[in-house]
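One structure is given below, encoded as C-alpha cells.
The values are calculated or read from the model by the stated rules, or taken from the named source; none is laboratory data. Everything quoted here is computed from the prediction, not taken from an experiment. Please note: Cβ atoms are built from the backbone with ideal geometry, for glycine as well, and neighbour counts cover all protein chains shown.
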Amino acid sequence: MPVKKWLRQYAIALPVLCGIFTLSQYLKGHALEDALAFAVFWACVSLVIFALTRAYNFHQNRYCALCNDLPGNTASDGVTKTVNPRHTSNERSNDS
C-alpha cells in the first residue's frame with residue numbers, strides 16, 4: 001500500500017479541511033474556539049472515513065479515478081478499464 005503517499009496527502013488535506021470548516025462555522029456566527037473545535041473534529045472524521053474506504057478499495061483491487069493508486073488500470077487512451085478480477089474471461093462473455 002502506498003502509505004507514504006497517503007499520509008502526505010492527508011497532511012495537506014487536514015489543514016485545508018480545518019480551514020474550510022472553521023471559516024464556514026465562523027461565518028455562521030459561532031465563536032472562533034467553537035468553530036475550530038468543530039473543524040478539527042469533522043476534518044478528522046472525514047479523513048478517517050476516506051482513508052478506510054481508500055484502503056478497502058485498494059485491498060479489493062478496485063480502481064479509483066480520484067485516488068489513482070492502482071497503476072495499469074487506465075488504457076493508453078486514458079479510458080478507465082472496468083475489469084472485475086473475480087470474473088474469468090468465460091464469465092465475462094456470458095454476462096452480455
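When Gly78 is tested against (1) at positive phi; (2) at pLDDT 80 or above; (3) of a type outside the set (A, V, I, L, M, F, W, C), just one condition goes unmet, and that condition is (2). Taking the criterion of being part of a loop (DSSP other than H, G, I, E, B) and without any contact (Cβ under 8 Å) to a residue 24 or more places away in the chain, the residues of segment 1-40 that qualify are Lys28, Gly29, His30, Ala31.
Note on segment 1-41: residues that are modelled with pLDDT under 95 and of a type in the set (Ser, Thr, Tyr) amount to 1.
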